[in-house]
Amino acid sequence: MIIIAKTLKGLEEVLTKEISDLGGTNIEKLTRAVKYEGDDALLYKSCLLLRTAIRIQKFMGEYKVSSYDDIYLKIKKMPWETLFTIKDTFAIRAVTFSNQMNHSMFLGQKVKDGIVDRFYSKFDKRPNINPVSPDFWVDIHVRDNQMMTVSIDASGDPLNMRGYRIYPVEAPLNEVLAAGLIKLSGWQPTQKFIDPMCGSGTLAIEAALIAADLPPHTKSRKFGFMNWKDFDKTAYEKIKSEAYSQKDRIPTFKIKAKDKSLQSLKAAETNAKEAGIASYIDFERKDFFSTEKFEDHVAITNPPYDERLKLEEATDFYSKIGDQLKKYYINSTFYIVSSNIEALKSIGLKPNKRTHVLNGGLEAEFQKYEIYEGSQRV
Ligand SMILES: C[S@@+](CC[C@H](N)C(=O)[O-])C[C@H]1O[C@@H](n2cnc3c(N)ncnc32)[C@H](O)[C@@H]1O
């Protein structure tokens, strides 16, 4: 089968590596997605284990289409009754970049009609639509060259919904982005890790899960493929129990999660407990601008991004971050992800690397600073 893993901007490369490590074959990197081949077991593993995928889809086919009616006919020809039953609910997610067929709602309607009429022709009955939480999501994508891709969603809820964020704070980092940034940093569990402005703990929790080699999701996580007619529960349970039993990789160093806000720390601790890795993290209430030294660390942090903050205030805050790095993070690598691109310039150190990412729909930069004794401002 062909599988498509969707991801966030900037994470295609790390997702490709994850898929290759899982055993995917014929891997092809696309824009915000990776296409590969594998069996049912790999599809299950992809949903359960990939840290940097936001959705997993089973590719059903690609068709040249000339009109909405043509789409209807091609959809009606597909064997939907082998995938789900009249008792299941379904919904369509349609996206079109075609000039000729540019109405996504109408496109979705035509696809729905094709599926419904297929069932009518076979059983004189039809499955119902549930646009909010259907048993079965059908994804339709029409490109500008009139090629239509049909796939079915295997993940259910987006895969950033790990199940551990039970105590949210304002502006948390997307969990998939957090895992992706850790992978992009090249941090290894044998190195010291700190998030000095941890908020609800997303980066620290994802780092601890990586270190412990545990799936990113809580055990009770449900996936879309569990509603499929051909779902092999025994095979999935075996994969799951193997994945959660690999608890022998205890991090060499405890992950450090700090924040000056008591409420943020409470959120981080609560979420880490829910994720089952609280014992791998040291939580501490601490102002980033304190005089504690962190040598030989990999630091990844997401400083406050507040649109209400005046630029001068933000500039001042980021400039002070730069001063702090030079004094207290000697021989460490410090990564900052922020949507405040203007303020990032006032850190005053030359980034060794910059990667463009999207953080909750906002353009953001992930900047790397290697700090040595005598690192100078620019
Ligand atoms: C954008 S939030 C981080 C969100 C976090 N990445 C998450 O996923 O939840 C920024 C955090 O920085 C913290 N913060 C702001 N100023 C700080 C300082 N001087 N020292 C330590 N933490 C600070 C805030 O309390 C807030 O929790």
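I'm trying to understand the selection: among the residues of region 150-164, which are out of contact with any strand residue (DSSP E or B) (no Cβ under 9 Å at 6 or more places or on another chain), at negative phi and at pLDDT 95 or above? Reasoning before the result, please.
Let us first name the residues in region 150-164 that are out of contact with any strand residue (DSSP E or B) (no Cβ under 9 Å at 6 or more places or on another chain), namely 157, 160-164.
Now narrow it down to the ones that are at negative phi: 157, 160-162, 164.
Passing the criteria: Asn160, Met161, Arg162, Tyr164.
Scan region 13-41 for residues that are within 23 Å of Lys229 (Cα to Cα) and either buried (at least 20 other Cβ atoms within 10 Å of the Cβ) or not assigned by TED's automatic domain parsing to the domain that holds Val138 (or both) and report the count.
Initial filter on region 13-41 (within 23 Å of Lys229 (Cα to Cα)): 36-41.
Among the residues that remain, those that are also either buried (at least 20 other Cβ atoms within 10 Å of the Cβ) or not assigned by TED's automatic domain parsing to the domain that holds Val138 (or both) are: 36, 38.
Of the residues in region 13-41, 2 are within 23 Å of Lys229 (Cα to Cα) and either buried (at least 20 other Cβ atoms within 10 Å of the Cβ) or not assigned by TED's automatic domain parsing to the domain that holds Val138 (or both).
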### Query
Since Tyr236 meets every condition but one in (1) buried (at least 17 other Cβ atoms within 10 Å of the Cβ); (2) away from the ligand (no atom under 16 Å from the Cβ); (3) under 22 Å from Asn174 (Cα atoms), which condition does it not meet?
(3)
### Task
Taking the residues in region 271-282 that are buried (at least 17 other Cβ atoms within 10 Å of the Cβ) and either free of Cβ contacts under 8 Å to residues at least 60 places away in the same chain or within 21 Å of the chain's Cα centre (by Cα) (or both) as candidates, determine which candidate is farthest from the ligand (Cβ to nearest atom).
Gly276
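Out of Leu48, Leu73, I need the residue that is in a helix (DSSP H, G or I) and more than 22 Å from Ala178 (Cα to Cα). Which one?
Values: Leu48 fails: more than 22 Å from Ala178 (Cα to Cα).
Of the residues listed, the single one that is in a helix (DSSP H, G or I) and more than 22 Å from Ala178 (Cα to Cα) is Leu73.
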### Residues that are more than 13 Å from Thr52 (Cα to Cα) and modelled with pLDDT under 95, drawn from region 6-30
Leu30
### Task
Six or more apart or on different chains, Cβ under 8 Å: which pairs go from a residue in region 191-205 that's on the phi > 0 side of the Ramachandran plot to one that's within 6 Å of the ligand (Cβ to nearest atom) and assigned to a loop (DSSP other than H, G, I, E, B)? Could you list them?
Gly199/Val169; Gly199/Ala171; Gly199/Pro172; Gly199/Leu173; Gly199/Asn302
### Task
Kindly state which strands (runs of 3 or more DSSP E) lie completely within region 298-371 and contain at least 1 residues that are β-branched (Val, Ile, Thr) and either surrounded by fewer than 17 Cβ atoms within 10 Å (Cβ to Cβ) or within 12 Å of the ligand (Cβ to nearest atom) (or both).
332-338
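The values are calculated or read from the model by the stated rules, or taken from the named source; none is laboratory data. This structure is a prediction, so every number in the text was calculated from the model and none was measured. As a convention, Cβ positions derive from the backbone with ideal geometry for all residues, glycine included, and neighbour counts pool all protein chains shown.
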